[in-house]
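To start, the structure itself, in structure tokens.
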Amino acid sequence: MKVLLYKIGREITSSIKLIEQFQEINKTNTKIKVKIDYDTPDAGYYYDSEPNNLYVNPSHCNFNVDCISIGYTESRHILSTIIHEFAHLLDHKYEILYKYEIFTEQYGNCLINDYCETNLFEEIAELIVLYITNPYLLYVISIKHYNFFKQLFKSPTSCGPKTFIKIRKKWDDEIKQECCDRWGINVENDTIQIIEKKKG
Ligand SMILES: [Zn+2]
């Protein structure tokens, strides 16, 4: 396991910046500390008993060797992991689970990846990651779920097609193809094409 320190540093810095932007526009003032822990078996974790700490284990995150997929529905990058743990913090602080339980009774779940199937906590966290990193994609996948999070928080990322196209440009071809096959969203000549809209 050989990891490049500057890459870890860069992604941690980007994630902290994104969290700061989130906190600024939502006027949430939670002190957070990102801590690196190489001993955890998971990519990251959050303990309710340590409400200000977000833990990440870079050796279990995908970066460098894997596809660029930040802002896609499946991403295990350091940035996505830290935002995921931050989402648990938001859930804990603002009791989202309770509201989401009521919401899903009426509108159902939005399983954007396998990890969402673990439990409702993880589904909320994964949806918040997408809402924060690429809200337009969540909007296209399920407007209802997008609106659920929108009435709770503002996303630091613009929910416009232009921003989506910009994010998508950074993805590897594999991810672009998967996004097209799975969610029916493609881009041709800087124009979004919705091929087949899947239910959220
Ligand atoms: Zn989690």
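Here, each number is a calculation from the coordinates, and none is a lab measurement. Values in this document were obtained by computation on a predicted structure and should not be read as measured data. All Cβ positions, even for glycine, are placed from backbone atoms using ideal geometry, and neighbour counts span all protein chains on display.
Here are the numbers for the structure shown:
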quantity	calculated
Choice from LEU111, LEU120, LEU152 with maximal GNM fluctuation in the chain (Cα, 10 Å cutoff)	LEU152
Using a Förster distance of 35 Å, the FRET efficiency for LYS144-ILE25 (Cβ separation, nearest 0.05)	0.95
Trypsin sites (Lys or Arg not before Pro) restricted to DSSP loop in segment 1-89 with at most 12 other C-beta within 10 Å	LYS2, LYS27, LYS31
For segment 62-126 versus segment 134-200, the gap between their alpha-carbon centres in whole angstrom	16 Å
log10 of Debye I(q)/I(0), alpha-carbon scatterers only, for the chain at 0.13, 0.18 Å⁻¹	-0.69, -1.35
Radius 12 Å from Cβ of ASP190, net charge of other residues (Lys, Arg +1; Asp, Glu -1)	+3
Over 24 Å (Cα to Cα) - which of LYS7/LYS170; LYS17/LYS150; LYS7/LYS144; LYS31/LYS170 fall in this group	LYS7/LYS144; LYS31/LYS170
Listed residues ILE83, ILE32, ILE70, most fluctuating in the chain (Gaussian network, C-alpha, under 10 Å)	ILE32
FRET E, pair LYS99, THR163, Förster distance 35 Å, beta-carbon r, rounded to 0.05	0.85
Assigned charges on the beta-carbon of Lys, Arg, Asp, Glu; segment 5-157 dipole about Cα centre (debye)	740 debye
Residue with peak Gaussian network fluctuation, the chain [Cα springs, cutoff 10 Å], from GLU123, GLU174, GLU11	GLU174
